[in-house]
1. Is there any pair linking a residue in the stretch 52-79 that is farther than 18 Å from PRO4 by Cα to one that is surrounded by 10 or more Cβ atoms within 10 Å (Cβ to Cβ) and modelled with pLDDT of 80 or more, with Cβ under 9 Å and at least six apart or on different chains, and which?
2. Can you find a residue that is among the aromatic types (Phe, Trp, Tyr) and touching a residue at least 12 places away in the same chain (Cβ under 8 Å) anywhere in the stretch 29-41?
3. Suppose we filter the stretch 16-30 for residues that are farther than 16 Å from GLN53 by Cα and assigned to a strand (DSSP E or B); how many remain?
4. Taking only pairs six or more apart or across chains, which ones have beta-carbon atoms under 7 Å, a first residue in the stretch 1-28 that is surrounded by 12 or more Cβ atoms within 10 Å (Cβ to Cβ), and a second residue that is of a type in the set (A, V, I, L, M) and outside any strand (DSSP E or B)?
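The values are calculated or read from the model by the stated rules, or taken from the named source; none is laboratory data. Quantities reported herein were computed from a predicted structural model and do not represent experimental measurements. Reconstructed Cβ throughout: ideal geometry from the backbone, glycine too, with neighbour counts over all protein chains shown.
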Amino acid sequence: MRRPVYNHNGESYIILDQVATHHFSKSYEEQPDMKYVNLYMKWCGADHVLRNQTHFLFCETIEETEFKEINNPITDVSNKTE
């Protein structure tokens, strides 16, 4: 199963799960209890949580790859016999 990728502020995240914000509140009027959001984040293996108007997005950060330049001379690896 392919998981969706979400780009936010120049970072890319794999969305592991999304849960409606009211699931972390005692009632619809109250703010979510972030203690339970943090517990759920650890349970599902996320390293970052984003929030939109209706849901918490539990995400895994996609690390940016660093490339290292290799300056090796080209060698002939063919099987030539001289």
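1. Matching pairs, first to second residue: GLN53/THR21.
2. Yes: one or more hits.
3. 1
4. Filtered contacts from the stretch 1-28: LEU16/ALA46; PHE24/VAL37.
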